[in-house]
Amino acid sequence: MASYFDKVTHAAAFVRARLGSGAPRVAIVLGSGLGAAADAVTHPIHIPYAEIPGFPQSTVEGHSGRLVAGLLGGVPVLILQGRVHYYEGYTPAEVTFPMRVLGALGIRAVILTNAAGGIAEGLRIGQLVALSDHINFMGWNPLTGPNEPRFACIPTAGLRFFDMTEAYSKPLRALARQAAAEEGFNLAEGIYLATPGPSFETPAEIRAFRTLGATLVGMSTVPETIVARHMGIEVLGISCVTNLAAGLGATQLSHQEVFEAGRKVEQRLARLLTILAPRAAAATVSAAPDTQP
Ligand code: HPA
């Protein structure tokens with residue numbers, strides 16, 4: 001039976017053959033209702049996840065489930081339009097398979113977007129927040145099991161034990177803040193706590209998470225960040241506050257509310273990502289030595 005590493009390599013070879021020329025260095029993962037940036041891509045090539053060997057497929061409304069390659073802001077990018085989640089029944093290895101494939105394709109920086117509930121006071125629905133850190137409350141780590149150093153994208157990565165003090169790149173955050181300012185809005189910073197889902201939290205849980213230091217809550221991103229950092233990929237996390245967390249708003253939480261709030265802010269996010277993509281590409285290429293041929 002093919003190993004996990006071989007499956008990732010096989011999927012990456014499939015995608016590479018479909019893409020032809022142009023090696024993207026930047027990838028973007030678009031969360032619930034946040035798919036508009038994929039429409040801003042010029043000269044797009046669409047590959048449904050169902051066609052990529054080994055790729056898990058999203059079962060959630062709002063996650064379309066395809067890879068989009070093309071130019072964003074003039075630079076080649078890979079966009080994962082839709083992601084899979086642990087709550088769908090996928091294993092940690094399956095949830096992080098797409099991120100491993102991005103690493104195998106030579107991606108050096110990834111922008112992870114998500115819909116999140118706002119915990120901190122002052123957060124507004126529709127606000128975009130750059131992640132400064134996370135709290136892994138999923139109850140598992142995607143790197144459990146034998147270490148696979150061959151996943152490393154840079155010579156210093158692929159370690160069994162590695163540093164997470166700056167999991168979310170400070171330089172990429174600074175670029176994002178600058179791009180947001182040019183677009184006329186302030187990009188706040190926050191700490192994202194990931195739960196396994198799929199139920200939303202109780203008000204008591206949200207009070208506990210606030211005490212723990214969380215400013216945002218969601219059901220994704222953290223496993224992808226851990227795996228990206230294992231490979232040496234730079235990570236920028238951007239949450240869209242789609243609702244106030246349980247017990248903080250006047251209404252009950254629903255996926256519909258989350259989805260519709262995402263829809264309202266996705267154009268703004270698309271503009272931000274279009275400005276950011278070429279700058280992230282330039283910053284990453286100059287910062288990271290290349291191990292790919
Ligand atoms: N909780 C968990 N995940 C979420 C939320 C929330 O309030 N909003 C969007 N994703």
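The values are calculated or read from the model by the stated rules, or taken from the named source; none is laboratory data. The shown structure was predicted, so the numbers you read here are calculated from the model rather than taken from an experiment. Here the Cβ positions follow ideal geometry from the backbone for every residue, glycine too, while neighbour counts run over all protein chains shown. Just the protein is used for accessible areas: all its heavy atoms, side chains included, with ligands, DNA and RNA removed. Shrake-Rupley method; radii C 1.70, N 1.55, O 1.52, S 1.80 Å.
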Please label the shape of region 135-293 as rounded, prolate or oblate, based on the square roots a ≥ b ≥ c of the eigenvalues of the alpha-carbon gyration tensor (a/c under 1.5 means rounded; beyond that, a/b larger than b/c means prolate, else oblate). oblate
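What part of the accessible area of the chain, given as a whole %, is carbon or sulfur when the probe is 1.4 angstrom? Kindly include the intermediate steps, with their values, before the conclusion.
Details: 6930 of 12300 Å².
Ligands and nucleic acids excluded, carbon and sulfur give 56 percent.
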Report the accessible area of Y192, computed with a 1.4 Å probe over the heavy atoms of all protein chains in place, in Å² rounded to the nearest 10. 0
Using a Förster distance of 30 angstrom, determine the FRET efficiency expected from the C-beta separation of I125 and E166, and round it to 0.05. 0.55
How compact and how long is region 178-259, expressed as Rg and Dmax of its alpha-carbon atoms in Å? 14.5, 42
Give the Rg/Rh ratio for region 147-211, taking Rg as the radius of gyration of the Cα atoms and Rh as the Kirkwood radius, to two decimals. 1.11
Provide the FRET efficiency to the nearest 0.05 for the S3-Q256 pair, computing r from the beta carbons and using R0 = 25 Å. 0.05
If I histogram all Cα-Cα distances within the chain using bins 10 Å wide from 0, what percent of pairs lands in each bin? 7, 31, 39, 20, 4, 0
When you have a sec, figure out the Kirkwood radius of region 65-115 from all distinct Cα pair distances and drop it here in Å to one decimal? 12.2
State, in angstrom, two size descriptors of region 92-178 derived from its alpha carbons: Rg to one decimal place and Dmax to the nearest whole number. 15.3, 44
Expected 222 nm ellipticity per residue - DSSP helices of 4 or more, -39500 (n - 2.57), all of the chain, to 500: -10500 deg cm²/dmol
Full-stretch length increase - D39, T59 - with 0.36 nm per residue and alpha-carbon distance subtracted: 5.1 nm
From zero outward in steps of 10 Å, how is the percent of C-alpha pairs of region 1-143 spread across the bins? 11, 40, 35, 12, 2, 0
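Can you tell me the length gained on complete extension of the stretch S199 to T144, counting 0.36 nm per residue apart and subtracting the Cα distance?
17.3 nm
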Sites matching trypsin sites (Lys or Arg not before Pro) across region 133-217 that sit in DSSP coil, with at most 13 neighbouring C-beta atoms within 10 Å: R160
Using mean Cβ contacts within 10 Å as the protection proxy, how do 221-232, 195-206 order, highest first? 221-232, 195-206
Give the separation of the Cα centroids, region 1-74 to region 134-201, in Å. 20
At 1.4 Å probe size, with every protein chain present, just tell me what the per residue accessible area of the chain comes to in Å². 42
Which of the listed residues, Q57, I119, G237, is farthest toward the dipole's positive end in the chain, when Lys, Arg count +1 and Asp, Glu count -1 at the beta-carbon? G237
GNM top mover of S220, S132, S32 - the chain, alpha-carbon springs below 10 Å: S132
Computed FRET value (nearest 0.05) for E183 with T156, which takes r as the C-beta separation and R₀ as 25 Å: 0.15
What percent of all Cα-Cα pairs in region 18-100 falls in each 10 Å bin, counting up from 0? 19, 52, 26, 3
